[in-house]
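What follows is a single structure, written as C-alpha cells, with notes after it.
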Amino acid sequence: MERDVVQLLVGGSAGSGSIACGTILARALMEMGYYIVGDNEYPSIIRGGHTAYWVRASVKRINEVDEFNDLVVAMDHETFIRHSMEFRESTVFILDSKVVKPPNGVKVIDVPVLKLLREEGMELVVGNSIFSGAVAAAIGIPLDYVHKAIEAQFRGRKSVIEVNSRAAAIGYEYLAQVSIDYDLPRLKPPRPWGPRVLLTGNEAVALGMAKAGVKVYASYPMTPASTILHYLIGISKDKDMAVLQVENEIAAAQIVAGAAWAGVRAATGTSGGGFSLMVETLSMAGMMELPIVIVLAMRPGPSTGMATMSAQQDLLFAVFSGHGEFPRIVVAPIDQYDAYIKVIEAFNLAEKYRVPAIILEDKHLAEGHRSVPVLPEEVAIDRGAVVPYEEAVKLVRNGFEYKPYQVTKTGVSLHISPGVPGLVVRTESSEHDEGGFVTIAPHKASEMYLKRLRKIKYLRKEIEEKYKPLEVHGVKPSEADLLIFTWGSSLQAVVDAMEIVGGELSASVISISYLWPFPRRRFREALMGVKDAITISVEHNALGLLAKLIRMETGFRIAYHLGKVDGRPFRPSPLAEKIIKLAKAVRGVKHGSPR
C-alpha cells in the first residue's frame, strides 16, 4: 500500500556507517521530491557503542521525526534492544542474519551482506552501501537517485564514490530478485516542491556566516558546534575567510573580539562548557561595545552531561551570562532555513547596535537534516555604525574629532577601525569616557553605563518592527482552547503534534525566536483577547525556562510545563498524547493558574 509518509531507521555499531547510510537514503528521497526530516544519535565515546539515523519522508510538509518506524535496517543486535519501543507489528527489518539474530515473529528481509562482500572482493567498510541499495529497492527509490546521493555524500572523493556506488548496486540488484511475502512501505508519488537542499543546522549556520561576510571564525571543537568549524574550513579559501582551530574557548573568544574591534565580522561556536569559559570575554565585549557573535549549540548539562545528546537548558544562561549589565541579542532559529536567515540578521543587528549576539541552537537542530528551499542569495547586509575605510580617511583629513564611545540618543557610537592614517583608535575594557580613556568619575561612569543600556530600547523596537520575533501557528490565540509556548527546534514536534491534537482541542502555538531583548509588545499583541485558554510551555528542559522569562518580562504566567531531559528531542505522537492528557485533566483552567 502506498503511503503519504514513511519513516526509516538505520541502526548499527559506531563505525558501521549507519549514519552515512541513513543520510544517503535521505538525500535520495529528497532528490526524488519528498519532504525530508532526518535525525541522528551517537555515543560520546571514541570507539564502539550504538549509532542510529532516522529518516522521515513525506509527500506533504512534515516537521519532525515521529515515534514509530516502518522499515528498520539493523546492522547490530543493539538496534532491537535500544529501539524496541519504536517498532510495531507492521515494521519490516532488513539485516544480515549471519550477523544479527532477530527476535521471533518479526518481518525480516535477509540481505547477506558479508557473503556479497566476499564474492565481490570488497571491504567491510562499504557494507552500509549494500544496505542503502537494498532499502532503495525495497521502498521504490530508483538506483540513479542513490548514486546521486552517494556522489553528494562523498563529494570530490572519486574512488570512494565508485566503490560505494558499486556496493549500492549490488544491494539493489540482490533485493530486486528476492521474493517478499508481505507489504513493504512505499511512498505515493512526490508533489512538486520546487528546488530544495538537504542541510543540517550547522551547515545552514556556516552558510549564513559566509553570506553575512564573516572573515574570522575561531573555535575550539566541542560537540555539537564542531561541524560549523569543519564546514567553514572546507569553504574558507573560496570565501576568503580565516578559520582557526585554537587551543581553548578563551582564546577563540578573544580572537573574535580582536577581529571585531579591527572592523571585520567575526564569530565563534561552542557548547555550554565552552561558553562558560567565554563569559568573561562576553562581558568585555559588552564594555568595549564589540559585535562578536557566539553560536551556543546546547547539549544536556550540567558539566559534561550527555555530550552528544540534545537539550534546551541554556536559555537563561545566554540571556543573563556575564558580570555587570549590558545589552545583547539572543536569537534561537526554529529550523535549518531559519538558521541561515537568523545568522545574517544577528550579524546585522550586532554591528548596527555594537552589541554581542548569541545564536542558540540545540544538538537536534545543529546536526539533524531537513529538506529546505534553496537558500536566498540576495540578502541585506547592514553594517550600521561601521564607518567604511575610505569615508573614515576623508573624515580624518577634514579634522573630524573621533570619539569611539560618543554619547548619542540611541547609545550607538560610530565605529572607525584602527589603521586609518592620522587617527588613534582607543578602546578599553575598564569603564571609560567617550574618548576611550579609563575613568572612575561618578558622572562619567553613570553616563557611559546608561549610554550602553539605552541601546536595548532601540534594539527591541527594531526587532519588533522589522523582524519576526515570534510567530503564531494554528488558530488565533483569542480563539484557542489551548495555548502552547515554545522556542527553537522544539516547535517542529509541537506543530506536528497539534495536527493530532486538533481533532479534540483548538490549539494555538506561539513560538518565540528573538528571546532577548524580549519582544514584549509583540507578545502582548499576540495574546490580546485570550481569556480561558489552558496554557502550556513545551521546552527541552525541566524547569520551563521560556515560561520563567515570559513571566519576568510580561507578568504573564503559563500554568503548565511539559519538559524533557533525556537528551532526545520531542516526537509528535507521544507529545500529542501528553498534551491531550493534560488538557483533559485541567480543561477549563484559566491561564495564570498556579502550576
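The values are calculated or read from the model by the stated rules, or taken from the named source; none is laboratory data. Note that the coordinates shown come from a computational prediction; the quantities given were computed from them, not determined experimentally. A quick note on method: Cβ atoms are made from the backbone with ideal geometry, for glycine too, and the neighbour counts reach across all protein chains shown.
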Scan segment 4-15 and give yes if some residue there is of a type in the set (Ser, Thr, Tyr) and at pLDDT 95 or above, otherwise no.
no
Considering only residues that are loosely packed, with under 14 Cβ neighbours inside 10 Å and charged (D, E, K, R), which ones fall in segment 133-190?
144, 155, 157, 158, 162, 181, 183
Just one of 551, 522, 557 is touching a strand residue (DSSP E or B) at 6+ places or on another chain (Cβ under 7 Å), within 30 Å of residue 453 (Cα to Cα) and at pLDDT 95 or above; which is it?
522
Unique match (being on the phi < 0 side of the Ramachandran plot and over 18 Å from the mean Cα position of the chain (by Cα)) among 529, 563, 555, 544
563
Residue hits (segment 151-163; assigned to a helix (DSSP H, G or I) and without any contact (Cβ under 8 Å) to a residue 60 or more places away in the chain) are 151, 158, 159, 160, 161, 162, 163
Quick one: which residue in 234, 208, 213 is assigned by TED's automatic domain parsing to the domain that holds residue 364, small (Gly, Ala, Ser) and touching a strand residue (DSSP E or B) at 6+ places or on another chain (Cβ under 6 Å)?
213
Total residues in segment 202-257, condition part of a helix (DSSP H, G or I) and in contact (Cβ under 8 Å) with a residue 60 or more places away in the chain:
11
Given (1) in contact with a helix residue (DSSP H, G or I) (Cβ under 6 Å, 6 or more places away or on another chain); (2) surrounded by fewer than 13 Cβ atoms within 10 Å (Cβ to Cβ), number of the condition residue 469 does not satisfy
(2)
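For every residue, the table says whether it meets (1) without any contact (Cβ under 8 Å) to a residue 12 or more places away in the chain; (2) over 13 Å from residue 212 (Cβ atoms); (3) within 11 Å of the chain's Cα centre (by Cα); (4) assigned by TED's automatic domain parsing to the domain that holds residue 51.
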| residue | (1), (2), (3), (4) |
| --- | --- |
| 330 | no, yes, no, no |
| 347 | no, no, no, no |
| 350 | no, no, no, no |
| 361 | no, yes, yes, no |
| 368 | no, yes, yes, no |
| 380 | no, no, no, no |
Keeping to segment 1-57, report how many residues are among the basic types (Lys, Arg) and part of a strand (DSSP E or B).
2
If you take the residues of segment 261-280 that are part of a helix (DSSP H, G or I) and within 24 Å of the chain's Cα centre (by Cα), which of them is surrounded by the most Cβ atoms within 10 Å (Cβ to Cβ)?
278
Reported set for segment 191-204 where residues are surrounded by 21 or more Cβ atoms within 10 Å (Cβ to Cβ) and among the β-branched types (Val, Ile, Thr) is 200
Can you find a residue that is surrounded by 24 or more Cβ atoms within 10 Å (Cβ to Cβ), touching a residue at least 60 places away in the same chain (Cβ under 8 Å), under 29 Å from residue 34 (Cα atoms) and not small (Gly, Ala, Ser) anywhere in segment 289-299?
no
Pick from segment 59-97, criterion assigned to a helix (DSSP H, G or I) and not hydrophobic (A, V, I, L, M, F, W, C), ranking: surrounded by the most Cβ atoms within 10 Å (Cβ to Cβ):
79
Would you check which residues across segment 16-38 are under 19 Å from the mean Cα position of the chain (by Cα) and either surrounded by fewer than 22 Cβ atoms within 10 Å (Cβ to Cβ) or at pLDDT below 95 (or both) and list them?
19
Could you list, in sequence order, the residues of segment 281-301 that are assigned to a loop (DSSP other than H, G, I, E, B) and touching a helix residue (DSSP H, G or I) at 6+ places or on another chain (Cβ under 8 Å)?
289, 290, 291, 292, 299, 301
Looking at segment 437-455, which of its residues are buried (at least 17 other Cβ atoms within 10 Å of the Cβ), of a type outside the set (D, E, K, R) and either touching a residue at least 24 places away in the same chain (Cβ under 8 Å) or under 21 Å from residue 265 (Cβ atoms) (or both)?
448
Would you list the helices (runs of 4 or more DSSP H) that sit entirely within segment 314-433 and hold 3 or more residues that are of a type in the set (Gly, Ala, Ser), in contact with a strand residue (DSSP E or B) (Cβ under 8 Å, 6 or more places away or on another chain) and surrounded by 24 or more Cβ atoms within 10 Å (Cβ to Cβ)?
336-353
Checked 547, 585, 559, 542 against criteria (in contact with a His (Cβ under 9 Å, 6 or more places away or on another chain), surrounded by fewer than 16 Cβ atoms within 10 Å (Cβ to Cβ) and either in the same structural domain as residue 302 (by TED's automatic domain parsing) or among the small types (Gly, Ala, Ser) (or both)); the one match is 542
Scan segment 451-502 for residues that are in a loop (DSSP other than H, G, I, E, B) and aliphatic (A, V, I, L, M) and jot them down.
475, 480
Could you list all residues from segment 530-539 that are of a type outside the set (A, V, I, L, M) and buried (at least 18 other Cβ atoms within 10 Å of the Cβ)?
535, 537, 539
Some residue of segment 412-432 being at pLDDT below 95, over 39 Å from the mean Cα position of the chain (by Cα) and among the small types (Gly, Ala, Ser)
yes
